[in-house]
Amino acid sequence: MKGAARMTEPMNPETFERARTQFVAGIEAFESGRLAEAEALFLASLEALPGRPSTLVNLAATRLNLGRPAAAVDPLRTALTAQPDDAQAWHHLGVALLEVKQHAQALEALDQALARGVQQPVAHHRRGLALVALERPVEAAQAWEQALALDDRFVTAWVDLGSLMRDLGRPERALHCLEQALALGADDPLIHFQLAGLKKTEHMPEAPPPAYVEQLFDSYADGFDEHLVKALGYCAPQVLADGLRRLAPGRFHHALDLGCGTGLCAPVLAPLTERLDGVDLSAGMLEKSRALGRYTRLAQADVVAHLRETPHRYDLIVAADVFIYVGALEGALTGIAQTLTPGGVCCFSLEACGEQDDYVLRQSLRYAHSGGYVQRLAQANGLHLLALEPHPLRRDEREAVQGLYAWMRKPAAGDAQNVPG
């Protein structure tokens with residue numbers, strides 16, 4: 001029992017004083033923003049006085065500020081074993097677990113912090129983030145309302161609550177929240193984009209903010225296919241492929257999958273083409289596509305910019321559910337016409353809107369386009385419209401989302417007279 005005997009020995013006063021001095025210096029370094037120095041001092045203090053809860057909590061807080069949340073978890077758990085009622089340690093643990101995406105455990109830790117007296121608005125906000133990740137949006141909204149009850153100038157909570165209210169089909173509350181955020185000085189382009197979808201403004205944005213689609217689909221990369229196909233009944237790739245077999249039978253030499261995402265089009269396009277390239281804005285989605293092994297070449301880029309800049313030419317270009325994130329399609333159709341070889345075919349799916357508008361931005365933050373707009377763009381770019389057909393795209397809130405599917409051909413030499421003029 002040598003270990004037990006050592007634990008009962010009184011601590012050397014010099015050792016204790018050294019640990020205390022290093023701890024105090026660590027606090028000073030932390031408060032001065034010298035985080036690496038603070039971490040080293042807290043570790044030295046713990047070497048002299050192991051397991052001291054206050055030192056462990058400050059070490060964890062330092063690591064959180066250094067952007068290393070995973071390294072903060074163990075010190076916090078050790079501190080809480082010794083002092084389970086430390087509300088701030090529970091809050092730090094909730095923050096660390098949230099950042100490493102252990103959402104259920106983060107929620108539990110934040111609940112413990114709140115139960116022990118933490119009343120910081122940011123704790124309620126972080127609790128809402130965990131609840132959103134756990135697909136409990138109504139409870140998340142309640143958490144963000146609590147954050148705003150404590151601080152009605154909490155801009156991030158107004159923005160997040162507004163976005164969530166829009167997702168929950170409460171446009172009036174969403175509008176109020178987002179306008180509050182703007183009144184408090186927020187200037188995120190996504191706020192203005194959401195307001196355009198909610199207000200149906202006369203000056204419709206032609207495209208989302210550049211970072212929006214990339215962030216959106218990076219967050220969707222895991223589990224995207226299963227949710228889209230099984231839960232929402234997504235069928236655009238198959239409809240487009242069936243139309244190709246009917247309207248442009250034969251095998252294509254080189255195809256481009258615009259907005260290829262996780263590669264949902266690859267299985268239906270593979271029998272129709274010898275080579276298949278893909279382009280997408282989301283690195284997370286491209287990682288999934290690469291794992292399929294069905295693409296000859298993959299590129300991370302905005303699809304319109306890629307069409308404008310690529311040196312390659314294709315006899316088939318496909319865009320399944322891509323242009324719902326592009327309002328004005330002039331650049332896309334010009335790029336397609338430029339990139340197609342003579343006689344090449346393109347096809348794409350859209351959400352459908354009435355003929356009174358070329359396109360509209362919906363509350364969902366997806367665009368819908370009219371058939372007349374598509375026809376005019378085909379003609380303007382010298383493309384022969386093979387077919388323009390309505391078919392469902394997927395389900396949304398158990399109702400079919402009406403789609404519009406287009407197949408076009410670029411005239412080959414000798415048949416330019418067949419282009420509608």
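Among Glu355, Glu139, Glu17, the largest mean-square fluctuation in a Gaussian network model of the chain, built with springs joining Cα atoms closer than 10 Å, belongs to Glu17.
Each residue of region 172-180 was assigned a 3J(HN,Hα) from its phi angle through the Karplus curve 6.51 cos²θ - 1.76 cosθ + 1.60 (θ = phi - 60°); the sequence is 5, 5, 4, 4, 4, 4, 5, 5, 4 Hz, with glycine and proline shown as x. Projected onto their three principal axes, the Cα atoms of region 276-350 cover extents of 31, 26, 21 Å, largest first. Per residue, the solvent-accessible area of the chain (1.4 Å probe, heavy atoms of protein chains only, all protein chains present) comes to 48 Å².
Under the definition of Cα pairs under 8 Å and six or more residues apart, what whole-number percent is the relative contact order of the chain?
On the way: 718 pairs, mean separation 36.9, N = 421.
Relative contact order of the chain: 9 percent.
So if I take the centroid of the Cα atoms in region 141-173 and the same for region 26-71, what is the distance between those two points in Å? Using only Cα atoms to place each centre, the spacing works out to 34 Å.
Amide H contacts of Asp315: His253, His254, Thr341, each under 5 Å away and 5 or more positions distant or on a separate chain (H built 1.01 Å from N in the peptide plane; Pro and chain starts excluded). Taken one residue at a time, the phi angles of region 245-250 give Karplus couplings (6.51, -1.76, 1.60, θ = phi - 60°) of 4, 7, 9, 9, x, x Hz. Gly and Pro are set to x. Considering region 171-213, its Cα convex hull presents a mean projected area of 3.2 nm². Take every pair of alpha-carbon atoms less than 8 Å apart whose residues are at least six positions apart; their mean separation over the length of region 25-65 yields a relative contact order of 38 percent. In the chain, a dipole from Cβ-located charges (positive for Lys and Arg, negative for Asp and Glu) runs towards its positive end, and of Ala301, Leu244, Ala82 it is Leu244 whose Cα lies farthest in that direction. Highest mobility in the GNM of the chain, judged by mean-square fluctuation with C-alpha springs under 10 Å and restricted to Ala25, Ala147, Ala248, is found for Ala25. Here region 44-87 yields Rg over Rh of 0.96, to two decimals, using C-alpha coordinates and the Kirkwood radius.
With helices as the sole contributors, the chain gives -16000 deg cm²/dmol at 222 nm; each DSSP H run of n ≥ 4 counts as -39500 (n - 2.57), and the sum is divided by every residue.
Beta bridges assigned by DSSP with both partners in the chain are antiparallel in approximately 50 percent of cases.
Across region 1-120, the mean sequence separation of Cα contacts (distance under 8 Å, 6 or more residues apart), normalised by length, yields a relative contact order of 17 percent. Please report, in cubic angstrom per residue, the volume enclosed by the convex hull of the alpha-carbon atoms of region 259-410. Enclosed volume per residue, from the Cα hull, is 117 Å³.
Heavy-atom accessible surface of Tyr325, to the nearest 10 Å², is about 40 Å², with a 1.4 Å probe and all protein chains retained. One quarter of the surface of the convex hull around the alpha-carbon atoms of the chain equals 26.7 nm², the direction-averaged projected area. Computed across region 13-131, the Kirkwood radius stands at 14.3 Å (inverse of mean 1/r, all Cα pairs). For the pair region 346-365 / region 100-139, the C-alpha centres are spaced 37 Å from each other. Among beta bridges from DSSP that stay inside region 342-405, the antiparallel ones total about 85%.
Annotation: amide H-H contacts under 5 Å for Ala299 (H modelled 1.01 Å from N, sequence separation of 5 or more, or interchain): Gly278, Val279, Asp280. Heavy-atom surface analysis with a 1.4 Å probe gives the chain a carbon and sulfur content of 52 percent of its accessible area.
The values are calculated or read from the model by the stated rules, or taken from the named source; none is laboratory data. Quantities reported herein were computed from a predicted structural model and do not represent experimental measurements. Ideal geometry is used to build each Cβ from the backbone, glycine not excepted, and the neighbour counts take in all protein chains shown. Accessible surface is based on the protein model in full, side chains and every heavy atom, while ligands, DNA and RNA are left aside. Shrake-Rupley method; radii C 1.70, N 1.55, O 1.52, S 1.80 Å.
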